[in-house]
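The values are calculated or read from the model by the stated rules, or taken from the named source; none is laboratory data. Model, not experiment: these values are computed from the prediction. Here the Cβ positions follow ideal geometry from the backbone for every residue, glycine too, while neighbour counts run over all protein chains shown.
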Amino acid sequence: MAKANWKPGTMIYPLPAVMVSCGHTPEEYNIITIAWTGTINSEPPMCSISVRPGRHSYEIIKRTGEFVINLTTEELAKATDWCGCRSGRKYNKWKEMNLTPAPAKIVKAPVIDESPVNIECVVKEIKELGSHHMFIAEVVNVSVDEQYVNDENAFSFAKARPLVYSHGHYFGLGKKIGKFGWSVQKKKKKAKKPGNKSL
């Protein structure tokens, strides 16, 4: 199979398009849209976001040491993009996009009430990588909107319709292919149906 070699770049796609909320007082509450985010550890649960130092939210997160990752949906696509294109220095993003700051359970930063999942994070380390600085954080609480919980008490992608980001574009998620371990799962033998035997 022929392959073209491209220059080194950020080619791990798709990524979750999340809105990160920060600030300790209503006057400084802000939202920044982040694509460079991900899970980095299971126990304790940890994640990271990478932010350009020039962004308004960077100093707020660095000073307060906490933030909230708010997952987004197709319905929140416009707000997600808008909050990534406008600066909190000039706009009140909450009012402009009709988003509601609500109290978090652990951290002082607000959660976005319209988000299906809010992940409260406390910064443990900041790594200066180059264009972006990575905030490595521990997850201290997760809140999930009950309308997106299915009968198995799990988060329903079908109900929430999450938003993802890929190479400058936003997408919804496609159909479910399988679950973890389905490729090695043993198939159950079908029970034989009882039949009439001739005597």
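A few points about this structure:
- Which numbered condition Val123 fails, given (1) under 14 Å from Lys62 (Cβ atoms); (2) not in a strand (DSSP E or B): (2)
- Just one of the listed residues (Lys7, Lys3, Lys62, Lys78) is modelled with pLDDT of 95 or more and more than 21 Å from Arg161 (Cβ to Cβ), and it is Lys62.
- Candidates are the residues of segment 52-61 that are within 15 Å of Arg86 (Cα to Cα) and either in contact (Cβ under 8 Å) with a residue 12 or more places away in the chain or under 15 Å from the mean Cα position of the chain (by Cα) (or both); the one that is surrounded by the most Cβ atoms within 10 Å (Cβ to Cβ) is Ser57.
- Breaking point among (1) within 19 Å of the chain's Cα centre (by Cα); (2) touching a residue at least 60 places away in the same chain (Cβ under 8 Å); (3) part of a loop (DSSP other than H, G, I, E, B); (4) within 20 Å of Val139 (Cβ to Cβ), for Glu43: (2)
- Filter pass, Glu28 being of a type in the set (Asp, Glu), under 23 Å from Ile106 (Cα atoms) and surrounded by 12 or more Cβ atoms within 10 Å (Cβ to Cβ): yes
- The number of residues in segment 93-120 that are touching a residue at least 60 places away in the same chain (Cβ under 8 Å), part of a helix (DSSP H, G or I) and out of contact with any helix residue (DSSP H, G or I) (no Cβ under 6 Å at 6 or more places or on another chain) comes to 1.
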